[in-house]
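What follows is calculated from the coordinates using simple rules that are stated; it is not laboratory data. Quick caveat: nothing in here was measured; it's all calculated off a predicted structure. Ideal geometry is used to build each Cβ from the backbone, glycine not excepted, and the neighbour counts take in all protein chains shown.
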Amino acid sequence: MKDLIDFIARSLVDDPTQVKVQELVKRNTVRLRLQVAKEDMGRVIGKGGRVANAMRTLLNVAATQTGKHVSLDIDEPQ
C-alpha cells in the first residue's frame with residue numbers, strides 16, 4: 001500500500017524527489033503519512049480534497065483485499 005501511494009504522489013507532483021511516505025503498522029491497522037514539497041500540496045490534495053479522497057478510496061479497496069484497515073494522513077511541509 002505504501003508503494004501505491006508513493007506511485008500516485010510521484011505522478012502528481014512537480015518534484016518527485018520530495019515525496020516521502022511513512023508506513024506505521026499496528027496489528028491489522030496501517031497508517032500512511034505522506035509528505036510532499038510545499039509547492040505540490042495543492043496537487044496532492046486537489047480542489048475540495050478530491051484527489052486526497054480518491055487516494056484514500058483506492059487505499060481502502062487495496063486494504064479490503066488484504067483484510068486490513070488503512071488511513072492516509074497528508075502532512076504539511078515544514
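Quick one: is SER71 loosely packed, with under 12 Cβ neighbours inside 10 Å and not aliphatic (A, V, I, L, M)?
Working: loosely packed, with under 12 Cβ neighbours inside 10 Å: no; not aliphatic (A, V, I, L, M): yes.
Answer is no for this residue.
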| query | Limited to the range 19-71, what total is found for residues that are touching a helix residue (DSSP H, G or I) at 6+ places or on another chain (Cβ under 7 Å), β-branched (Val, Ile, Thr) and part of a helix (DSSP H, G or I)? | reply | 3
| request: Give the number of residues within the range 23-58 that are out of contact with any Leu (no Cβ under 7 Å at 6 or more places or on another chain) and free of Cβ contacts under 8 Å to residues at least 24 places away in the same chain. | output: 14
| said: Please verify whether GLY42 is under 13 Å from the mean Cα position of the chain (by Cα) and more than 19 Å from GLN22 (Cα to Cα), treating the condition exactly as stated. | reply: no
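Does the range 5-18 hold any residues that are closer than 15 Å to GLU76 by Cα and either acidic (Asp, Glu) or not in a helix (DSSP H, G or I) (or both), and which are they?
Taking the range 5-18 and keeping what is closer than 15 Å to GLU76 by Cα, we get 9, 13, 18.
VAL13 - this is the single residue of the range 5-18 that is closer than 15 Å to GLU76 by Cα and either acidic (Asp, Glu) or not in a helix (DSSP H, G or I) (or both).
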| note | (1) hydrophobic (A, V, I, L, M, F, W, C); (2) more than 10 Å from the chain's Cα centre (by Cα); (3) more than 16 Å from ASP75 (Cα to Cα); (4) surrounded by 16 or more Cβ atoms within 10 Å (Cβ to Cβ) all hold for LEU59 apart from (2)
| Name the pairs whose Cβ atoms lie under 8 Å apart, with the first residue in the range 62-76 and without any contact (Cβ under 8 Å) to a residue 40 or more places away in the chain, the second loosely packed, with under 15 Cβ neighbours inside 10 Å, and 6 or more positions between them or separate chains? | GLY67/ASN28
